[in-house]
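Derivation of every value follows stated rules applied to the coordinates shown; laboratory data play no part. As the structure is a prediction and not an experimental result, all values here were calculated from the model. Every residue, glycine among them, receives a Cβ derived from its backbone with ideal geometry; neighbour counts consider all protein chains shown.
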Amino acid sequence: MNGFAYLRPTGVQEAVDAYAAHPGAAYLAGGTNLVDLMKLGVARPTALIDVGRLPLDTIEERPDGSVRVGATVRNSDLAADPRVRDRWPALSQALLAGASGQLRNAATTGGNLLQRTRCPYFQDLGKPCNKRAPGSGCGAREGVHRDHAVLGHSEQCVATHPSDMAVALAALDAQVELYGPEGARKLPVTDFHRLPGEHPERDTWMRPGELITGVLLPATTAGVPSAYRKARDRASYAFALASVAVVLRVADGVVDQVAVAFGGLAHRPWRARHTELALLGAPAGPAAFEGAVALELAHAEPLRDNAFKVPLARNLALDVLGRLAPAPAGV
Amino acid sequence: MTSAHQPGHHSEVHLRVNGKPVTLDVDHRRVLLDLLREDLDLTGSKKGCDHGQCGACTVLVDGRRLNSCLLLAVTLDGSEVTTVEGLGGDGEEPHPLQRAFLDRDAFQCGYCTPGQLCSAVGMLAEAAAGHPSHVTDPAAPSGSPVALDRAEIRERLSGNLCRCGAYPRIVEAVEDVIE
Ligand SMILES: Cc1cc2nc3c(=O)[nH]c(=O)nc-3n(C[C@H](O)[C@H](O)[C@H](O)COP(=O)(O)OP(=O)(O)OC[C@H]3O[C@@H](n4cnc5c(N)ncnc54)[C@H](O)[C@@H]3O)c2cc1C
Ligand code: SF4
Ligand code: FES
Ligand code: FES
């Protein structure tokens with residue numbers, strides 16, 4: 001690891017200014033991904049701008065029923081927040097399905113969204129990887145890719161986004177709050193991460209120097225039944241092979257509101273818009289669920305060794321939809 | 001900027017480690033685990049993977065359990081660090097959990113043990129503060145302390161691997177201090 005300067009700004013503007021003043025700088029929050037990548041030589045910042053102690057560590061209710069989560073709120077504190085557990089349970093469940101107790105105590109809301117892929121070629125300087133070294137090729141496409149994407153991948157990159165939290169946020173219609181040299185703006189979590197296309201080196205639509213200041217949980221999904229389920233190689237402390245977050249409200253037996261997002265299948269949390277369109281207004285039951293989930297997964301293009309993810313994702317989605325749908329009256 | 005801002009590649013850092021004040025000039029690359037083991041000769045905390053994947057390096061920082069291998073020391077200025085050497089406090093007596101690990105023979109080689117102990121101490125505080133886990137019933141009331149059955153203990157300590165497979169006895173030792 002090369003040496004680097006260390007700066008600890010006390011405010012958002014100071015942080016953004018410090019980034020602009022230090023070419024090659026990186027923001028540092030909990031460090032659970034960035035320090036790991038620096039040890040591996042994958043990340044080589046010349047300066048770290050420590051945003052981990054910025055006063056962005058609160059969870060605030062807004063008069064309109066939304067909640068704003070500051071960027072430095074730790075994953076464990078967000079998962080335990082009674083408002084989150086009661087109104088957006090899929091978010092709490094997704095956080096608790098990720099990493100370990102120790103890691104969640106360090107990991108922040110902003111850092112979690114920006115964690116890099118766990119593709120082993122990306123983490124190994126000796127291997128080709130278009131995301132780490134554009135133009136060097138993709139080692140995973142014809143190599144070891146059991147954990148990789150089945151949806152939305154490109155010739156250049158078949159990596160998945162590893163975050164559990166982001167999948168729940170995508171289903172809950174959350175927004176990312178950004179502040180940068182050009183001012184403040186918001187992006188829906190569903191439009192925050194990119195598909196790899198020809199530029200897998202870019203994970204998100206953030207502009208250079210932008211800082212995540214928070215995440216907004218909207219009133220439109222507050223209190224609507226939601227849940228998260230994840231399949232992994234061991235019972236705990238492992239990344240998702242596939243996961244799903246579902247938001248579902250049923251009125252008089254008919255689907256009144258629905259959102260489905262898959263994790264572990266693509267370069268970003270994958271909103272199943274085909275499933276949602278098919279379900280809205282349909283009778284809430286196994287037949288409608290099966291048909292609607294199949295519509296989305298028909299678009300899957302598995303690689304040589306990861307076709308198992310398609311039925312896995314289907315089963316996860318059907319299980320969670322079934323659990324969230326109230327039993328029909330009289331049964 | 002705070003006093004931690006220095007133009008070079010090292011900074012002065014003030015910590016309290018196991019109750020004692022410590023001031024060090026640290027290279028910005030120094031992680032807490034190496035600072036403890038190499039600069040302070042506190043070799044109880046272990047380096048298993050150096051990448052957040054095993055939990056052997058777990059310590060308490062301001063009462064919260066963290067992987068010291070992924071914590072840059074320079075970020076911790078002003079923090080209170082407790083390692084396995086400090087769990088028992090000032091006295092001669094070990095922490096009740098250390099006693100329970102001995103009574104239950106909750107280790108074989110012992111390499112993971114310091115991390116297991118610090119992790120379990122941090123975990124007990126989290127459960128008492130009402131933090132849920134992956135196996136907590138989502139319908140359980142938010143905010144109240146979580147009762148720790150075996151499934152809860154196993155899930156909450158899943159960030160600590162044991163190559164010797166002492167898990168059953170580790171769970172029993174933790175149960176002993178809960179009762
Ligand atoms: C062994 C292991 C297992 C794991 N398992 C899981 C899992 O199962 N599921 C899961 O979802 N995650 C898992 N993780 C990943 C973990 O959740 C992430 O490492 C963590 O969320 C990153 O947050 P952080 O605050 O530590 O980010 P950092 O490491 O500090 O930063 C990550 C990136 O975000 C940038 N950044 C941070 N904050 C901001 C901000 N406010 N604005 C702009 N940029 C910012 C940094 O520059 C960096 O590029 C695991 C990690 C490890 C090591
Ligand atoms: S899948 Fe993406 S991250 Fe992995 S080797 Fe290919 S280009 Fe790199
Ligand atoms: S040495 Fe820190 S988690 Fe393995
Ligand atoms: S006792 Fe040997 S690793 Fe746990």
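If you count, for every residue in B:40-51, the Cβ atoms of partner chains within 10 Å of its Cβ, what is the mean?
1
What's the center-to-center distance, using Cα atoms, between the range B:103-175 and the range B:39-57 in Å?
First find each Cα centre; the distance between them is then 19 Å.
Using a cut-off of under 20 Å, list every residue of the range B:140-179 whose amide N is near the label point 7 Å from the Cα of A:Arg83 along the Cα-to-beta-carbon line.
The answer is B:141-144.
What residues have an amide H closer than 5 Å to that of A:Ala47, excluding those fewer than 5 places away on the same chain, when H is modeled at 1.01 Å from N in the peptide plane?
A:Ala5, A:Ala25, A:Ala26
Are there chymotrypsin sites (Phe, Trp or Tyr not before Pro) in the range A:1-88 that DSSP marks as loop and that have at most 12 other Cβ atoms within 10 Å, and which are they?
Numbers: sites: A:Phe4, A:Tyr6, A:Tyr19, A:Tyr27; in loops: A:Phe4.
Filter output for the range A:1-88: empty list.
Peptide A:279-289: average number of partner chain Cβ atoms within 10 Å per residue? Before the final figure, lay out the partial values.
On the way: counts 0, 0, 0, 0, 0, 0, 0, 0, 0, 0, 0.
Rounded to a whole number, the mean comes out at 0.
If amide H atoms are built 1.01 Å from N in the plane of the peptide, which residues on other chains or at least 5 residues away come under 5 Å of the amide H of B:Val17?
B:Val22, B:Val81
Over the range B:10-86, what is the mean sequence separation of C-alpha contacts under 8 Å (at least six apart), divided by residue count, expressed as relative contact order in percent?
40 percent
Using helices alone, I'd like the mean residue ellipticity at 222 nm for the protein assembly as shown: each DSSP H run of four-plus residues gives -39500 (n - 2.57), total over residue count, nearest 500.
-7500 deg cm²/dmol
Return the Rg/Rh value of the range B:1-152, two decimal places, where both radii are evaluated on C-alpha atoms and Rh is the Kirkwood radius.
1.01
Mind checking which of A:Ala170, A:Gly110, A:Ser100 is farthest towards the positive end of the range A:84-192's charge dipole, using Cβ charges of +1 (Lys, Arg) and -1 (Asp, Glu) about the Cα centre?
So the residue we want is A:Ser100.
Considering Cα pairs under 8 angstrom that are at least six residues apart, work out the relative contact order of chain A and quote it in whole percent.
17 percent
Compute, for the range B:10-86, the length of the dipole vector about the Cα centre, with Cβ point charges of +1 (Lys, Arg) and -1 (Asp, Glu) only. Units Debye, rounded to 20. List each step's numbers first, then the result.
Details: 9 positive and 12 negative charges, 67 e Å.
Dipole about the Cα centre, nearest 20: 320 debye.
What is the distance in Å between the Cα centres of the range A:77-146 and the range A:287-311?
Rounded to whole Å, the Cα centres lie 22 Å apart.
Residue by residue through A:80-90, how many Cβ atoms from other chains fall within 10 Å of the Cβ on average?
Taking the mean over all residues of the peptide, I get 3.
What order do you get for B:107-118, A:44-55, A:194-205 when each peptide is scored by the mean count of other beta carbon atoms within 10 Å, highest first?
B:107-118, A:44-55, A:194-205
Please name whichever of B:Leu42, A:Gly264, A:Leu28 sits farthest to the positive end of the charge dipole of the protein assembly as shown, dipole taken about the Cα centre and charges placed at Cβ: Lys and Arg +1, Asp and Glu -1.
Going by the Cα projections, it comes out as A:Gly264.
In terms of the Cα gyration tensor, with a ≥ b ≥ c the square roots of its eigenvalues, is the range A:178-278 rounded because a/c is under 1.5, prolate because a/b exceeds b/c, or oblate?
Cα axes put the range A:178-278 in the oblate bin.
Given contacts defined as C-alpha pairs under 8 Å and at least six residues apart, what's the relative contact order of the range B:116-174, whole-number percent?
Dividing the mean separation by the residue count of the range B:116-174 yields 37 percent.
List, in order, the whole-Hz ³J(HN,Hα) value for each residue of the range B:129-146 obtained from phi through the Karplus relation with A = 6.51, B = -1.76, C = 1.60 and θ = phi - 60°; use x for Gly and Pro.
For the range B:129-146, the Karplus-derived couplings read 7, x, 5, x, 10, 4, 9, 6, 4, x, 7, 4, x, 5, x, 8, x, 9 Hz, x marking Gly and Pro.
How big is the dipole moment of the range A:275-326 about its Cα centre under a simple scheme where the beta carbon of each Lys and Arg is +1, that of each Asp and Glu is -1, and everything else is neutral? Debye, nearest 20, please.
Using only the charged Cβ atoms, the result is roughly 100 debye.
At a 10 Å Cβ-Cβ cut-off, how would you order B:His131, A:His267, B:His14, fewest neighbours first? Please list the in-between numbers first.
Details: B:His131 22, A:His267 25, B:His14 14.
By the 10 Å Cβ count, ascending, the order reads B:His14, B:His131, A:His267.
With a cap of 13 neighbouring Cβ atoms within 10 Å, and only residues DSSP puts in a loop, list the trypsin sites (Lys or Arg not before Pro) found in the range A:266-320.
The qualifying sites are A:Arg304.
Helix A:309-324 versus the longest principal axis of chain A: what is the Cα-based angle in degrees, 0 to 90, to the nearest 10?
With rounding to tens, the tilt is 60 degrees.
What dipole magnitude, in Debye to the nearest 20, does the protein assembly as shown give about its Cα centre under +1 on Lys/Arg Cβ and -1 on Asp/Glu Cβ?
The dipole of the protein assembly as shown has a size of about 1160 debye.
Calculate, in whole percent, how much of the Cα-Cα pair population of chain A lies beyond 34 Å.
Here the long-distance tail beyond 34 Å is 22 percent of all Cα pairs in chain A.
Where does helix B:167-178 land angle-wise versus the long Cα axis of chain B, in degrees 0 to 90, nearest 10?
Between helix and principal axis, roughly 90 degrees.
What's the extension gain from B:His10 to B:Ala139 if we count 0.36 nm per residue and subtract their Cα-Cα distance?
This chain segment gains 41.6 nm when fully extended.
All other residues with a Cβ under 11 Å from the Cβ of A:Asp147 taken together, and with Lys, Arg as +1 and Asp, Glu as -1, what is their net charge?
Its environment carries a net charge of +2.
Apply the Karplus parameterisation 6.51 cos²θ - 1.76 cosθ + 1.60, with θ equal to phi minus 60°, to every residue of the range A:204-219 and state each ³J(HN,Hα) to the nearest whole Hz, in sequence, with x for glycine and proline.
Listing the rounded values in order: 9, 8, 5, 8, x, x, 5, 10, 6, 9, x, 10, 9, 9, x, 5 Hz.
What's the angle, to the nearest 10 degrees (0 to 90), between helix A:12-21's Cα axis and the longest principal axis of chain A?
50 degrees
So what are the ³J(HN,Hα) numbers for the range B:52-62, from phi and the Karplus equation (6.51, -1.76, 1.60; θ = phi - 60°), rounded to whole Hz, Gly and Pro as x?
Running phi through 6.51 cos²θ - 1.76 cosθ + 1.60 with θ = phi - 60° gives x, 9, 10, x, 4, 9, 4, 9, 9, 10, 6 Hz.
What does the extension gain come out to for A:Ala287 and A:Trp205, with contour length at 0.36 nm per residue minus their alpha carbon separation?
25.8 nm
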